[in-house]
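Encoded as structure tokens, the structure appears first; notes follow it.
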Amino acid sequence: MNQTCTTDLLVKFLYHETTAREAREIREGIDDDLLLREEFNGLEKAYRQLPRVKFSASQESLRKVLAYSRQTTLEKQR
């Protein structure tokens with residue numbers, strides 16, 4: 001790899017937030033470097049253990065946001 005693979009970059013890779021070039025270089029680094037592979041495996045294990053949370057707003061919250069949006073749109077049109 002041309003750049004040092006940091007923990008931050010590995011986390012970006014886990015979340016698919018790297019460029020194609022970065023992803024390719026990280027994959028090569030993981031294949032070639034045992035310590036990097038171990039660090040990545042530890043991060044990946046922790047990532048998989050994170051709870052899968054779905055957030056959903058209440059109907060009242062949605063109603064208020066839509067009402068505010070309508071109100072501010074109308075004010076801008078005046």
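The values are calculated or read from the model by the stated rules, or taken from the named source; none is laboratory data. Nothing here was measured: the structure is a model prediction, and the numbers come from that model. Here Cβ is always computed from backbone atoms with ideal geometry, including for glycine, and neighbour counts include all displayed protein chains.
Below is a table of values for the structure above.
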{"item": "Residue match in region 53-64 (condition: in a loop (DSSP other than H, G, I, E, B) and either in contact with a Phe, Trp or Tyr (Cβ under 6 Å, 6 or more places away or on another chain) or surrounded by 10 or more Cβ atoms within 10 Å (Cβ to Cβ) (or both))", "result": "yes"}
{"item": "Residue in region 2-33 that is modelled with the highest pLDDT, counting only those that are more than 22 Å from residue 45 (Cβ to Cβ) and not in a helix (DSSP H, G or I)", "result": "19"}
